[in-house]
Amino acid sequence: MNEIKLVRVDDRLVHAQILLLWMKNYNINTVVIVDDEVAGNPFMAEIYRLAMPSYVRIYICSVSEALAQASRIPQKYQGDRSRILVLMKTLQVARDLVVGGMDLPEIQIGGGATAGSIDKHEMLDALFRKNHEPLSVLISHDVTIYCQNSPQNSKVYLHRGEADQGPWS
């Protein structure tokens, strides 16, 4: 069964932390990058492809291409055992995907959006000030949103969606 294991907003897209920590932690074998700029730049797309280990499939698409394939993303890639990481640079892209109909029940924010702040309240305040509109839209669609820089760090929740509200949450 194909499965989206992680949806991550990270302004750096692919970097050592993604390759060494997140992909290993979720046993990722397929990466989908949703970014209009990279999708439209064959040179940059090739750099991202070359950065991936040989056992990982990588697909780079624009927001509109991702939306056109939204219902098929878990089924589309690599036979019947894909463990998929969806990467995007901005919360605006996440908003556009959710508003366009893609089912993203949970989004992790990492990278520059969470860097530089030691206090989690300062980090959340800065994140909301800079990304108020896309965060508001994602929250209105009941998407669980949390910050986490590495698998060893605790999740800092901005919003827990209804689907994430079990008796032990």
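The values are calculated or read from the model by the stated rules, or taken from the named source; none is laboratory data. Quantities reported herein were computed from a predicted structural model and do not represent experimental measurements. Positions of Cβ are generated from backbone atoms using ideal geometry, with glycine treated the same way; all protein chains shown enter the neighbour counts. Areas reflect the complete protein model, heavy atoms only, side chains present, ligands, DNA and RNA absent. Shrake-Rupley method; radii C 1.70, N 1.55, O 1.52, S 1.80 Å.
Restricting the search to the stretch 132-148, which residues are of a type outside the set (Val, Ile, Thr) and either assigned to a strand (DSSP E or B) or crowded, with 17+ Cβ neighbours inside 10 Å (or both)? Steps first, answer last, please.
So in the stretch 132-148, the residues of a type outside the set (Val, Ile, Thr) come out as 132-136, 138, 140-142, 146-148.
Matches in the stretch 132-148: PRO134, LEU135, LEU138, TYR146, CYS147, GLN148.
Can you pull out every residue in the stretch 104-123 that is under 18 Å from the mean Cα position of the chain (by Cα), at pLDDT below 85 and surrounded by 15 or more Cβ atoms within 10 Å (Cβ to Cβ)?
Taking the stretch 104-123 first, the residues under 18 Å from the mean Cα position of the chain (by Cα) are 104-115.
From what is left, the residues that are at pLDDT below 85 are 111-115.
Selection gives GLY111, ALA113, THR114.
Being modelled with pLDDT of 95 or more and either within 23 Å of GLU162 (Cα to Cα) or touching a Cys at 6+ places or on another chain (Cβ under 6 Å) (or both): is that true of VAL63 here?
Spelling it out, it is not the case that VAL63 is modelled with pLDDT of 95 or more and either within 23 Å of GLU162 (Cα to Cα) or touching a Cys at 6+ places or on another chain (Cβ under 6 Å) (or both).
Just wondering, is there one or more residues in the stretch 40-63 that are open to solvent by less than 40 Å² (accessible area, probe 1.4 Å) and in contact with a Ser or Thr (Cβ under 6 Å, 6 or more places away or on another chain)?
no
For the stretch 117-152, give me each residue that is more than 23 Å from TYR26 (Cβ to Cβ) and of a type in the set (Ser, Thr, Tyr).
Passing the criteria: SER117, SER136, SER140.
State the number of residues belonging to the stretch 4-35 that are surrounded by fewer than 16 Cβ atoms within 10 Å (Cβ to Cβ) and over 14 Å from the mean Cα position of the chain (by Cα).
Qualifying residue count for the region: 6.
Could you please give the count of residues in the stretch 25-50 that are assigned to a helix (DSSP H, G or I) and at pLDDT below 90?
Residues meeting the conditions: 1.
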